[in-house]
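*Asks:* Input: one structure, supplied below.
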Amino acid sequence: MTRYLLRGAALLGDEPTDLLLADGRIAATGADAGREAGTDATVIDAEGLVALPGLVDLHTHLREPGREDAETIASGTRAAALGGFTAVHAMANTSPVADTAGVVEQVWRIGREAGWTDVFPVGAVTVGLGGEQLAELGAMATSEARVRVFSDDGLCVWDPVLMRRALEYVKAFDGVVAQHAQEPRLTRDAQMNEGIVSAELGLTGWPAVAEESIIARDVLLAEHVGSRVHICHLSTAGSVEIVRWAKSRGIDVTAEVTPHHLFLTDELARSYDPIYKVNPPLRTAEDVAALRAALADGTIDIVATDHAPHPREDKDCEWAQAAFGMTGLETALPVVIDTMVETGAMTFADVARVLSATPARIGRVTGHGRPLAAGEPGNVTLVDPNARFTVDPDRHASVSRNSPFGGRSLPGRVVATFLRGRATVLDGKPVATSTATTGGEDVT
Ligand SMILES: [Zn+2]
């Protein structure tokens, strides 16, 4: 196995130092790294680059099985590696739904064979995402895939009795329910954020209270049964206030925000371009400001992509007919650098926390999100924080092209990604490996 000596990398943005990757681990740092590298190590000039622990996404839609025309496990995880990720959680709304040990083991196995990132399947909370009957949570937890995150994402676990039972059930194996907070009756036929813009455009509005009422209910349910709950993709200032209140009360709640909700507003709907149609919808500039402040002060724990690839025909149509969702794996880190680091709200140590350490902890993933220290797993991302580039979705590794950032200039080019000491990305390009048995054939 190739040994890599990363020369002059700024660990979490601190003073430059050396890092030796060997035998799947960070073998040494600092002066020891150069001494122990020997003559056979491949030297990578990392001067000017920031080293981060490999990124971990708690919320990815890989679409396989069932919608391989939108994404496959191999293509989605290759996109993830190019975005600096070494682990992703694959959401359960596939076809068939990931609601049994058999399906989650299949997803886990295909991910392992593809070899781009670790893939941790999310198990569905209810059978077939039907919202009526609890899925086999225990069987998925004890399967080879060792599922710890359960979600009907795409749909809300609306029935409070079912939500209560799910929260009680996952305690047995230290799992967590990740709720897609959307009151369905308040969002019937909703197309975009309910507000001034929706009124002017004549599109059915999606009120903030549809999200906030479910979050309020679920933090109280989590408190009542003494379980932990995770809230997916917070999008409103009011949601932030509820989570802040719940944490101050000692409730075991964590929350995520997506890169697009940190950056984009509902003003973009004026273009009627469905590239900006997403669930939950883009909100107002005031909401964006509240989300950024909450991520900086720790009220929001993590950034998760909600990478939601769709084929062209599902997006190139009228707004009302278009699918909800945006891709995000290949732009997440640049958007976080743009919105949070370049604005002075966060440091790279904070970036490592919200994009690696804490998502790994919430998902109960071992071996990811660890400190960059000798003896730790060799999961490392090198990013050039000063390299600006223009986003071109046609060049993305994702099968789908529905990035809302196309044409925008962003900072933070991912230069290299290492998964257990093996390069999955070098010089910004995917690296085919002997363990990549599917999907890696066509890489350069
Ligand atoms: Zn969702």
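*Asks:* Are any residues in the stretch 170-197 open to solvent by 40 Å² or more (accessible area, probe 1.4 Å) and more than 15 Å from the ligand (Cβ to nearest atom), and if so, which ones? Can you show your working first?
*Replies:* Step one: filter the stretch 170-197 for residues open to solvent by 40 Å² or more (accessible area, probe 1.4 Å), giving 171-172, 174, 184-186, 188-189, 194, 196.
Hits for the stretch 170-197 are Lys171, Ala172, Asp174, Arg185, Leu186, Arg188, Asp189, Glu194, Ile196.
*Asks:* OK, next. Just wondering, is there one or more residues in the stretch 232-241 that are touching a residue at least 24 places away in the same chain (Cβ under 8 Å), under 18 Å from Thr126 (Cβ atoms) and within 16 Å of the ligand (Cβ to nearest atom)?
*Replies:* Yes, some residue in the stretch 232-241 is touching a residue at least 24 places away in the same chain (Cβ under 8 Å), under 18 Å from Thr126 (Cβ atoms) and within 16 Å of the ligand (Cβ to nearest atom).
*Asks:* Could you run through the stretch 77-93 and say how many residues are within 16 Å of the ligand (Cβ to nearest atom) and either part of a strand (DSSP E or B) or buried (at least 24 other Cβ atoms within 10 Å of the Cβ) (or both)?
*Replies:* Here the count works out to 5.
*Asks:* Continuing with the same structure: Please list, ordered by residue number, the helices (runs of 4 or more DSSP H) wholly in the stretch 307-363 having 1 or more residues that are crowded, with 24+ Cβ neighbours inside 10 Å. Even if it seems obvious, please write down each step before you answer.
*Replies:* Details: elements: 312-315, 332-336, 348-352, 358-362.
Those helices (runs of 4 or more DSSP H) span 332-336, 348-352, 358-362.
*Asks:* Select from the stretch 147-169 the residues that are open to solvent by 40 Å² or more (accessible area, probe 1.4 Å) and within 13 Å of the ligand (Cβ to nearest atom) and list them in ascending order.
*Replies:* Answer for the stretch 147-169, where residues must be open to solvent by 40 Å² or more (accessible area, probe 1.4 Å) and within 13 Å of the ligand (Cβ to nearest atom): just Leu155.
*Asks:* Can you confirm whether Ala98 is touching a Leu at 6+ places or on another chain (Cβ under 9 Å), within 16 Å of the ligand (Cβ to nearest atom), more than 21 Å from Ala432 (Cα to Cα) and open to solvent by less than 10 Å² (accessible area, probe 1.4 Å)?
*Replies:* No; evaluated as a whole, the condition is false for this residue.
*Asks:* Six or more apart or on different chains, Cβ atoms under 8 Å: show the pairs whose first residue is in the stretch 415-428 and under 11 Å from Thr42 (Cβ atoms) and whose second is aromatic (Phe, Trp, Tyr) and buried (at least 22 other Cβ atoms within 10 Å of the Cβ).
*Replies:* Note: pairs meeting the criteria are Ala423/Tyr4.
*Asks:* Same structure, new question: Name the residues in the stretch 261-281 that are touching a strand residue (DSSP E or B) at 6+ places or on another chain (Cβ under 6 Å) and either open to solvent by 40 Å² or more (accessible area, probe 1.4 Å) or more than 16 Å from the ligand (Cβ to nearest atom) (or both), would you?
*Replies:* Taking the stretch 261-281 first, the residues touching a strand residue (DSSP E or B) at 6+ places or on another chain (Cβ under 6 Å) are 266, 269, 278, 281.
Result: Asp266, Ala269.
*Asks:* For the stretch 341-373, which residues satisfy the criterion of being of a type in the set (Val, Ile, Thr) and at pLDDT 95 or above?
*Replies:* Correct list: Val341, Thr343, Thr347, Val351, Val354, Thr358, Ile362, Val365.
*Asks:* Considering only the stretch 26-35, I want to know if a residue exists there that is under 30 Å from Phe120 (Cα atoms) and within 16 Å of the ligand (Cβ to nearest atom).
*Replies:* No: zero hits.
*Asks:* Looking at (1) within 16 Å of the ligand (Cβ to nearest atom); (2) closer than 23 Å to Gly369 by Cβ; (3) touching a Leu at 6+ places or on another chain (Cβ under 9 Å); (4) among the aliphatic types (A, V, I, L, M), find the lone condition where Leu58 falls short.
*Replies:* (3)
*Asks:* Scan the stretch 243-276 residue by residue and report those that are in contact (Cβ under 8 Å) with a residue 60 or more places away in the chain and closer than 29 Å to Val170 by Cβ. Step through it out loud before you land on a result.
*Replies:* In the first step, residues of the stretch 243-276 are kept if they are in contact (Cβ under 8 Å) with a residue 60 or more places away in the chain; the result is 254, 256, 258-260, 262-264, 266-270, 272, 275-276.
Within the stretch 243-276, Thr254, Glu256, Thr258, Pro259, His260, Leu262 qualify.
*Asks:* How many residues are under 28 Å from Trp158 (Cβ atoms) and assigned to a helix (DSSP H, G or I) when one looks only at the stretch 107-139?
*Replies:* So the answer is 7.
*Asks:* Report every pair of residues separated by at least 6 positions or lying on different chains whose Cβ atoms are under 7 Å apart, first residue within the stretch 277-288 and of a type outside the set (Phe, Trp, Tyr), second in a loop (DSSP other than H, G, I, E, B) and away from the ligand (no atom under 16 Å from the Cβ).
*Replies:* Matching pairs, first to second residue: Lys277/Ala322; Leu282/Leu264; Leu282/Thr265; Arg283/Thr265; Thr284/Gly195; Thr284/Thr265; Ala285/Thr265; Val288/Thr265.
*Asks:* Now, a different point. What is the residue count in the stretch 22-51 for residues that are more than 16 Å from Leu426 (Cβ to Cβ), touching a Gly at 6+ places or on another chain (Cβ under 7 Å) and open to solvent by less than 20 Å² (accessible area, probe 1.4 Å)?
*Replies:* Result for the stretch 22-51: 4.
*Asks:* May I pose another question? Within the stretch 316-342, which residues are under 20 Å from Asn193 (Cα atoms) and of a type in the set (S, T, N, Q)?
*Replies:* Answer for the stretch 316-342, where residues must be under 20 Å from Asn193 (Cα atoms) and of a type in the set (S, T, N, Q): Gln321, Thr327.
*Asks:* Right, another one. Could you list all residues from the stretch 397-427 that are open to solvent by less than 30 Å² (accessible area, probe 1.4 Å), closer than 18 Å to Ile337 by Cβ and not aliphatic (A, V, I, L, M)?
*Replies:* Step one: list which residues in the stretch 397-427 are open to solvent by less than 30 Å² (accessible area, probe 1.4 Å), which gives 397-398, 400, 402-405, 410-412, 414-419, 421, 423-425.
Retained after the next criterion (residues that are closer than 18 Å to Ile337 by Cβ): 403-405, 410-412, 414-417, 425.
Hits for the stretch 397-427 are Ser403, Pro404, Phe405, Pro411, Gly412, Thr417.
The values are calculated or read from the model by the stated rules, or taken from the named source; none is laboratory data. Computed from a prediction, not measured in an experiment: that's the story for all the values here. Using ideal geometry, Cβ is built from the backbone for each residue, glycine included, and neighbour counts are taken over all protein chains shown. Areas reflect the complete protein model, heavy atoms only, side chains present, ligands, DNA and RNA absent. Shrake-Rupley method; radii C 1.70, N 1.55, O 1.52, S 1.80 Å.
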